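*Asks:* Before anything else, here's the structure in question.
Just so you know, all these numbers are worked out from the coordinates, no wet-lab data involved. The model shown is predicted, which means the values in this text are computed figures rather than measured ones. Please note: Cβ atoms are built from the backbone with ideal geometry, for glycine as well, and neighbour counts cover all protein chains shown.
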Amino acid sequence: MRRTSLPTHADIEAAARRIDGYAHRTPVMTSRSVDENLGARVFFKCENLQRAGAFKFRGAFNALSNLEPEVRAKGVVAFSSGNHAQAVALAASLLGIDATIVMPSDAPKSKMAATRAYGGRVVVYDRYLDDREDIARRLSEERGSSIIPPYDHPDVIAGQGTAAAELIEQVGPLDGLFVPLGGGGLLSGSALAAKALSPGCRVIGVEPEAGNDGQQSFRQGSIVRIDVPKTIADGAQTQALGRHTFDIIRRDVSEILTASDAELVDCMRFFFTRMKIVVEPTGCLGFAAARAQGRQLAGRRIGVIVSGGNIDDERMIDLLGAR
Ligand SMILES: *Cc1c(COP(=O)(O)O)cnc(C)c1O
């Protein structure tokens with residue numbers, strides 16, 4: 001039998017069992033005014049309320065808990081200035097694994113502090129002088145520890161897919177599902193889950209307008225790499241999709257749309273003032289695109305993954321204050 005390295009829905013089911021009792025089963029919220037404006041039923045899956053503030057805990061915990069004991073003993077390494085770092089640090093500490101996180105020296109102090117508070121050892125590098133992948137590779141070679149990538153790994157993809165699987169369990173079949181897109185771990189996992197649990201559902205990836213490498217790759221049929229995009233959606237500043245994530249996305253995703261920074265700020269304000277939840281700019285991508293579709297969604301049952309809520313108070317005030 002030919003073995004493919006792409007994860008399947010069975011891997012998402014296995015991931016759901018592994019994270020059970022560790023990850024939150026996050027709530028689904030609805031808004032009457034959103035439903036009235038779009039003429040649709042919209043279900044927001046609130047991963048901003050996930051542990052460590054984003055869905056990334058799902059993939060990190062699944063990947064770490066699937067390591068063999070002798071591999072675990074040698075620890076793990078991750079490079080990230082964002083939500084993946086905190087997710088790996090927290091998952092590792094819950095599982096008693098030693099974690100080293102490689103972060104740029106100019107990463108927000110709050111993120112470094114959170115990563116340390118979760119028990120991660122932070123190794124700092126200079127964004128302009130050093131190559132973080134080199135540093136991570138060196139650390140992993142010195143200690144034999146495993147590198148946990150932020151998206152292009154079958155166990156990470158399967159873990160991220162548990163959010164959409166849960167959503168469909170919580171609300172029933174969907175006609176459409178809007179998912180934020182960076183490197184594609186969340187989108188490919190969501191697509192695997194939706195195809196299995198709600199086969200008629202159109203899965204739509206949404207990335208920042210300034211960095212539409214995923215949309216270009218999708219249209220062109222091969223991975224397109226771009227410069228680091230300038231956008232407030234810092235969780236989606238990736239330069240290219242991964243090999244695994246792209247293969248799943250091209251097969252199971254219907255469409256990739258984009259949202260502008262101004263639309264993201266509008267959505268943050270809506271979430272804050274109307275729904276009373278804090279959502280980071282990247283977490284607004286799905287809703288921004290759904291909202292822009294307007295009455296095209298009329299009569300449909302729509303899922304929106306609200307992917308994260310990690311934002312500093314000053315940054316939040318700054319973004320919402322600028323009208
Ligand atoms: C990482 C992240 C994304 C993008 O996820 P990918 O799996 O890289 O596509 C979206 N939203 C938030 C909040 C994130 O932290």
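*Asks:* Mean-square fluctuation check for the chain, GNM, Cα pairs under 10 Å: which of ALA107, ALA92, ALA54 is largest?
*Replies:* For the chain, modelled as a Gaussian network with Cα springs under 10 Å, the answer is ALA107.
*Asks:* Report the residue, chosen from LEU95, LEU187, LEU297, that carries the largest GNM mean-square fluctuation when the chain is represented by alpha-carbon nodes joined by springs under 10 Å.
*Replies:* Evaluated over the chain, the most mobile residue of the options is LEU95.
*Asks:* Choose one answer from GLY59, GLY221, GLY308: the residue with the largest mean-square fluctuation in a GNM of the chain with alpha-carbon springs under 10 Å.
*Replies:* GLY221
*Asks:* Starting from the Cα of LYS195, draw a straight line to each of the aspartates and glutamates and keep only those under 17 Å, dropping any in the same chain fewer than 8 residues away.
*Replies:* Counting by Cα, and skipping residues close in sequence, LYS195 has these aspartates and glutamates nearby: ASP11, GLU13, GLU166, GLU169, ASP175, ASP247, ASP252, GLU255.
*Asks:* Additional query: Sort VAL42, VAL124, VAL304 so the one with the fewest other Cβ atoms within 10 Å of its own Cβ comes first.
*Replies:* Numbers: VAL42 22, VAL124 15, VAL304 31.
Listed from fewest to most nearby Cβ atoms, that is VAL124, VAL42, VAL304.
*Asks:* Something else about it: Restricting to the chain, compute how many DSSP beta bridges are antiparallel as a %, nearest 5. Numbers along the way, then the final one.
*Replies:* Numbers: 3 of 33 bridges.
Roughly 10 percent of the DSSP beta bridges within the chain come out antiparallel.
*Asks:* Could you tell me which of rounded, prolate or oblate describes the chain, using a ≥ b ≥ c as the square roots of the eigenvalues of the alpha-carbon gyration tensor, with rounded for a/c under 1.5 and, failing that, prolate when a/b is larger than b/c and oblate otherwise?
*Replies:* Values: a/c = 1.56, a/b = 1.30, b/c = 1.20.
Because a/c hits 1.5 or more and a/b exceeds b/c, the chain counts as prolate.
*Asks:* How big is the charge dipole of the chain about its Cα centre, in debye rounded to the nearest 20, if each Lys and Arg gets +1 on its Cβ and each Asp and Glu gets -1 on its Cβ?
*Replies:* On the way: 39 positive and 38 negative charges, 144 e Å.
It comes to approximately 700 debye.
*Asks:* Now for a separate question. Going by C-beta contacts inside 10 Å, put THR258, THR238 in order with the fewest on the left.
*Replies:* Working: THR258 21, THR238 24.
The fewest-first ordering by Cβ neighbours comes to THR258, THR238.
*Asks:* Which residue, SER217, GLN160, PRO108, has the largest displacement toward the positive end of the dipole of the chain when charges sit on each Cβ (Lys, Arg +1; Asp, Glu -1)?
*Replies:* Of the candidates, GLN160 comes out farthest on the positive side.
*Asks:* Which value at 222 nm does the chain reach when only helices count, each DSSP H run of 4 or more adding -39,500 (n - 2.57), with the total divided by all residues and rounded to the nearest 500 deg cm²/dmol?
*Replies:* Helices in the chain give a 222 nm mean residue ellipticity of -13500 deg cm²/dmol.
*Asks:* Quick check on the exposure proxy: order TYR151, TYR128 from fewest to most C-beta atoms within 10 angstrom.
*Replies:* Details: TYR151 23, TYR128 8.
Listed from fewest to most nearby Cβ atoms, that is TYR128, TYR151.
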